[in-house]
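Working notes for the structure below.
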Ligand SMILES: [Zn+2]
C-alpha cells in the first residue's frame, strides 16, 4: 500500500495562523470545541490538508480539515 500522505511543515505557517489552528479545534472525545491541541503535524491527504494534534484536555487525536477555500 502506498502511503499517499504528504508531510507539510506546520511551522512554516505564520505565528498567527499557527495559534489559530492550535486553538480552533474540535475534540470528538470531549465533544467540545476549541479546547486546543498540542504536538501539531500537518499533511496533505487526497487533496485535503489535515492538521493533526493531541487534545489539550484528554490527549485524544484531534484533526482539523482544511478545505481548499482555506488554503
Ligand atoms: Zn479532548
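Derivation of every value follows stated rules applied to the coordinates shown; laboratory data play no part. Keep in mind the model is a prediction, meaning the values are calculated, not measured. Quick reminder, even Gly has a Cβ in these numbers, built from the backbone with ideal geometry, and neighbours come from all protein chains shown.
Overview of results
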{"read-out": "Any hit, region 38-53, residues being within 16 Å of the ligand (Cβ to nearest atom), over 10 Å from the mean Cα position of the chain (by Cα) and surrounded by 14 or more Cβ atoms within 10 Å (Cβ to Cβ)", "value": "no"}
{"read-out": "Strands (runs of 3 or more DSSP E) lying entirely in the chain (those with 3 or more residues that are out of contact with any helix residue (DSSP H, G or I) (no Cβ under 6 Å at 6 or more places or on another chain) and free of Cβ contacts under 8 Å to residues at least 40 places away in the same chain)", "value": "37-45, 48-55, 61-66"}
{"read-out": "Answer residue from region 54-71, given it is within 11 Å of the ligand (Cβ to nearest atom) and surrounded by fewer than 16 Cβ atoms within 10 Å (Cβ to Cβ) and is nearest to the chain's Cα centre (by Cα) among those", "value": "61"}
{"read-out": "Count of residues meeting criterion [within 19 Å of residue 67 (Cα to Cα) and in contact with a strand residue (DSSP E or B) (Cβ under 6 Å, 6 or more places away or on another chain)] in region 11-47", "value": "12"}
